[in-house]
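Asks: Please see the structure below; I have some questions.
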Amino acid sequence: MEEKLNKILEDGKKEISNSKDEQALLKLKSIYIGKDSEITKIMKNMKELSIEEKKIVGSLTNKIKNELEKCIKAKIGELSSNVISKKTFDHTLPVTDSKGSLSPVTIVANEVADVLKKMGFIIVSGPEMEDEYRNFEALNVSKDHPARDMQDTYWTDEAKVLRTHTSPVQVRSMEKYGAPLRIAAPGRCFRNEDLDASHENTFFQVEGMVIDKEVSISNLIYVMKNILKEIYKSDVEVRLRPGFFPFVEPGFELDIKCLICNGNGCSRCKNSGWIELCPCGMIHPEVLRMSGIDNTVYSGFAFGIGLTRMAMMKYKINDIRMLNSGDIRSLKQFGIE
Ligand code: DAH
């Protein structure tokens, strides 16, 4: 009997030390010391042995059982520490892969923010999951307003929306800071789009807003020209066309003279000589009033620049889906570091 038990111990130890993963060890545990194991059977049959034998076999089985249990635990510990040490990031290792890089959208967003900061704008942000009131109503888009159709919206169960534009940050800023005000709010927006090379359900804008006494359309044009001059590093000619957005009155589409053909017409500007760049307008007095600003004293203007579009123009990216793909090769091909 003693021999048999020692053989079990020997075999068990060998198998345990050879096993490669926790799964295998748990199986061995059940084979060697589980309820159908040889050891358990021996223990169960102990009553058939003489008192002398019981003493010897009893203590030996216990010893062997404990020992096997200990070996299994130790091996599990060893295996898991191997896994951890393989996964652990070693800060002392030399860098073998290339450096990380900012996304084209982040680069453009930082550039625009820097320009706006120099002009006295503060950079603010708002939540990507917005309430319906700030995304729509407070911007003069009531529940049944047809303008809601222009923005196919993702709704959550709690009647929140994934903001469809950065304009709700206008509302949050007016509520928080009052007037006068000069804010810029870069951020991510969402609309339910069928994806293709020029449509994404996730895109970036930067919202700008200026509120002060006696702000006029010429202030809007002046500020926009300056911003664009800094961004494009050259004088840009702009024109305003009427555009409708419920939160501005009058509302405009601002175009810049095509920088590629200097207004003569090329494929980039579809031979029109102009490129549509950003919607803007004088803030609707109702929008000011709803957020607690005295519209008899203050007026202002606002604009929304499409950062995704700007990044695509700057880096000549022709498929918008690439920007959210997370594929490192897409960054590398533009040599962005
Ligand atoms: N929020 C609008 C959109 O995404 C764009 C916009 C238009 C923003 C006019 C403005 C503005 O600040 O004045 O469709």
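The values are calculated or read from the model by the stated rules, or taken from the named source; none is laboratory data. Note that the coordinates shown come from a computational prediction; the quantities given were computed from them, not determined experimentally. In this analysis, Cβ positions are derived from the backbone assuming ideal geometry, glycine residues included, and neighbour counts consider all displayed protein chains.
Asks: Within region 260-282, restricting attention to residues that are within 15 Å of the ligand (Cβ to nearest atom) and at pLDDT below 95, which residue is nearest to Arg134 (Cα to Cα)?
Replies: Cys278
Asks: To continue, here is another question. Which residue is farthest from Leu307 (Cα to Cα), if the candidates are limited to region 154-168 and must be modelled with pLDDT of 95 or more and part of a loop (DSSP other than H, G, I, E, B)?
Replies: So, considering only residues that are modelled with pLDDT of 95 or more and part of a loop (DSSP other than H, G, I, E, B), the one farthest from Leu307 (Cα to Cα) is Tyr154.
Asks: Only one of Leu240, Leu228, Leu220 is within 14 Å of the ligand (Cβ to nearest atom) and under 22 Å from Lys270 (Cβ atoms); which?
Replies: After ruling out the rest, the residue left standing is Leu240.
Asks: Only one residue in Glu175, Glu111 is away from the ligand (no atom under 14 Å from the Cβ), in a helix (DSSP H, G or I) and farther than 29 Å from Tyr298 by Cα. Which one?
Replies: Testing whether each residue is away from the ligand (no atom under 14 Å from the Cβ), in a helix (DSSP H, G or I) and farther than 29 Å from Tyr298 by Cα leaves just Glu111.
Asks: Being assigned to a strand (DSSP E or B), within 14 Å of the ligand (Cβ to nearest atom) and over 32 Å from the mean Cα position of the chain (by Cα) is the filter here, so list the residues in region 283-299 that pass it.
Replies: Passing the criteria: only Ser299.
Asks: If you don't mind, another one. Out of (1) part of a strand (DSSP E or B); (2) more than 16 Å from the ligand (Cβ to nearest atom), what's the single condition that is false for Leu254?
Replies: (2)
Asks: Further question: Quick check: anything in region 203-210 under 16 Å from Lys118 (Cα atoms) and out of contact with any helix residue (DSSP H, G or I) (no Cβ under 9 Å at 6 or more places or on another chain)?
Replies: no
Asks: Condition test on Arg188, is it exposed (fewer than 15 other Cβ atoms within 10 Å of the Cβ), in a strand (DSSP E or B), within 16 Å of the ligand (Cβ to nearest atom) and at pLDDT 90 or above?
Replies: The answer is no for Arg188.
Asks: Here's something else I'd like to know. Would you point out the residue of region 160-185, among those that are free of Cβ contacts under 8 Å to residues at least 40 places away in the same chain and not basic (Lys, Arg), that is surrounded by the fewest Cβ atoms within 10 Å (Cβ to Cβ)?
Replies: Tyr177
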